1. Based on other C-beta atoms within 10 Å, arrange Arg94, Arg37 from fewest to most.
2. Filter Lys220/Lys277; Lys22/Lys52; Lys240/Lys262; Lys220/Lys262; Lys225/Lys277; Lys64/Lys154 down to the pairs with a C-alpha to C-alpha distance above 21 Å, please.
3. Taking neighbour Cβ counts within 10 Å as the exposure measure, how do Glu27, Glu269 sort from fewest upward?
4. Order of 210-219, 256-265, 101-110 by packing, highest average Cβ count within 10 Å first?
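No value in this document is a laboratory result; all are computed from the given coordinates. Here the structure is a predicted model, which is why all the values come from computation and not from measurement. Counting neighbours? That spans all protein chains shown, and the Cβs are built from the backbone with ideal geometry, glycine included.
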Amino acid sequence: MAQKWTDYLSGTQSSLFKTAMKAPMLEKDHELELAQRWRDSKDQEALNELTKSYLRLVIAHANKVKNYGLPQTDLIQEGCIGLMEAAARFEPEREIRFSTYANWWIRSSMQDYILRNWSIVRTGTTAAHKSLFFNLRRIRAKLADGMDGPLSLKTKLEIAKELDVKVKDIEYMEGRMSGSDHSLNMSMGEQNDTEWQETLIDESEGPEESVIKTHDGRIKNAALKRAICQLSDREEIIIKERRLRNKGVTLAALGDRLGISKERVRQLENQALLKMKASMEMEQLKTDEF
């Protein structure tokens, strides 16, 4: 069996380039034959020949996007994933070249990888954000004559028209691409030893607040139980079914259960709530006096 094209990925980058450049270009008929053998018979040798012949496409795309600061080997690996996806989905009977079809999958796979890894902050993966991420710098340079600083409204409108996106998407992506990721352990300035992480506010509860909240919760629960104990049997049933369940029982259902009208259930509920309010207010007064 011929050596699998994936074996070359474990070698050096130079050996991968040599392998890609040595692989012969495929004639259309032979290309379709290989695609059919892979789709219909899962012929591994046909897949190896088909994909190895188009490794050059993967490398070409990796060179185009190398300025995004990600390792070229990682970009090539992602492109190879796109190439394999193209081989799995290709339909020979549609009579288009495999290279044309694979080109889209390779580019898409690399672009998705760049969007996921360009920043630790998610950049956005909508169609508009994706288009802006890969085209904003180029179009900005053309329309703004290389000027730095924020885009003018006029330039934003021109970019929005050219890329068929909304101005707010341009403003979002401009803000994301104008900054870069920094370590929280970095100093805030040359003359300042304070690290950025020291300025972050911890909004979670402190130990004292947590203990106080737990203590108060226990007191309120105990007061609630004592208030319920002062209700009549029917009032207690109504409060528990109407107020202490995630989904309260309807007045009509309780009326049928207790053999009274739903209006009477409503009256008893209001009466019980007033009793409980008075009881808990009395508990609070005792606590305050203490």
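1. In order of increasing Cβ crowding within 10 Å: Arg94, Arg37.
2. Lys220/Lys262; Lys64/Lys154
3. Ranked by crowding around the Cβ, least crowded first: Glu27, Glu269.
4. Descending packing order for the listed peptides: 101-110, 256-265, 210-219.
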